[in-house]
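This report concerns only the one structure given below.
The values are calculated or read from the model by the stated rules, or taken from the named source; none is laboratory data. On a predicted model such as this, the values are computed, not experimentally measured, just so you know. Cβ atoms come from the backbone with ideal geometry, glycine included; neighbour counts cover every protein chain shown. Areas reflect the complete protein model, heavy atoms only, side chains present, ligands, DNA and RNA absent. Shrake-Rupley method; radii C 1.70, N 1.55, O 1.52, S 1.80 Å.
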Amino acid sequence: MKLENYIRDIQGFPKEGILFKDITPLLNDANATRECLKTLVESLKGQKIDKVIGAESRGFLFGMLLAQQLNAGFVPVRKPGKLPYETISASYDLEYGTDNLEIHIDAIQKGDKVLIHDDVLATGGTAKAVCELVEKLGGEIIQLNFLMELTFLNGREKIKEYDIFAAVTY
């Protein structure tokens with residue numbers, strides 16, 4: 001099954017000049033979702049995972065499925081002010097300015113083996129910020145795992161010291 005066939009291009013979203021990769025057709029097809037999950041899990045080659053992190057917000061979709069499949073805990077990493085308990089934060093660059101991500105201070109224990117999942121690896125800023133959070137809490141990053149990678153944006157360069165997997169590359 002070619003997962004690319006379940007990802008559609010939306011021209012001019014969220015603003016003019018952007019070609020958005022829409023995963024809702026993939027999510028709408030049970031077989032495609034199952035195949036995508038299988039591909040993401042197989043990339044881990046039997047690694048032991050204690051926690052799966054899902055980056056806000058589309059990283060939550062497969063992040064939860066991965067956590068269940070791997071018998072691991074799920075940890076949401078969110079934008080500021082969305083988590084109810086005490087947090088730590090990391091900032092990352094946007095096209096115009098910066099943003100922050102937060103994680104609960106007790107979400108990762110020292111030595112936890114962590115899988116970080118997000119829907120897309122683009123510029124690498126979000127992924128790098130999540131890595132900083134995991135490492136501040138003492139977690140060991142086993143893999144950064146993406147549904148798709150936009151290679152022309154060179155995001156891999158910001159996180160090249162980690163094992164990186166993308167189910168689909170553009």
- Computed magnitude of the charge dipole of the chain (debye, nearest 20; Cβ of K, R +1, Cβ of D, E -1): 300
- Query: Longest span of the chain, sites excluded, free of GluC sites (Glu not before Pro) in DSSP loop with at most 11 other C-beta atoms within 10 Å?
  - Reply: 17-85
- Message: At 1.4 Å probe radius, can you tell me the per residue accessible area of the stretch 70-121 in Å²?
- Response: 53
- Counting each DSSP H run of 4 or more residues in the chain as -39500 (n - 2.57), what helix-only mean residue ellipticity at 222 nm follows after dividing by all residues, to the nearest 500 deg cm²/dmol? -7000 deg cm²/dmol
- Go through the stretch 41-133 and name the chymotrypsin sites (Phe, Trp or Tyr not before Pro) that are in a DSSP coil and have 12 or fewer other Cβ atoms within 10 Å of their Cβ. Tyr85, Tyr96
- Query: Any idea of Phe152's accessible area? Nearest 10 Å², probe 1.4 Å.
  - Reply: 140
- Task: Quick one: order Arg34, Arg156, Arg78, Arg8 from most to least accessible surface, probe 1.4 Å.
- Result: Arg34, Arg8, Arg156, Arg78
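Using 1/(1 + (r/R0)^6) with R0 = 45 angstrom and r between the beta carbons of Glu16 and Lys82, what's the FRET efficiency to the nearest 0.05?
Efficiency computed from Cβ-Cβ geometry: 0.95.
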- For Lys160, which aspartates and glutamates qualify as cross-link partners when the Cα separation must be under 15 Å and same-chain residues fewer than eight apart are set aside? Glu132, Glu149
- Student exercise, the stretch 76-170 dipole from Lys, Arg, Asp, Glu Cβ charges, in Debye to nearest 20: 60
- Message: Heavy atoms of the protein only, probe of 1.4 Å, neighbouring chains included. What is the accessible area of Ser91 in Å², nearest 10?
- Response: 70
- Message: Using 0.36 nm times the number of residues separating Asp29 and Asp106, minus their current alpha carbon distance, what extension gain do you get?
- Response: 24.2 nm
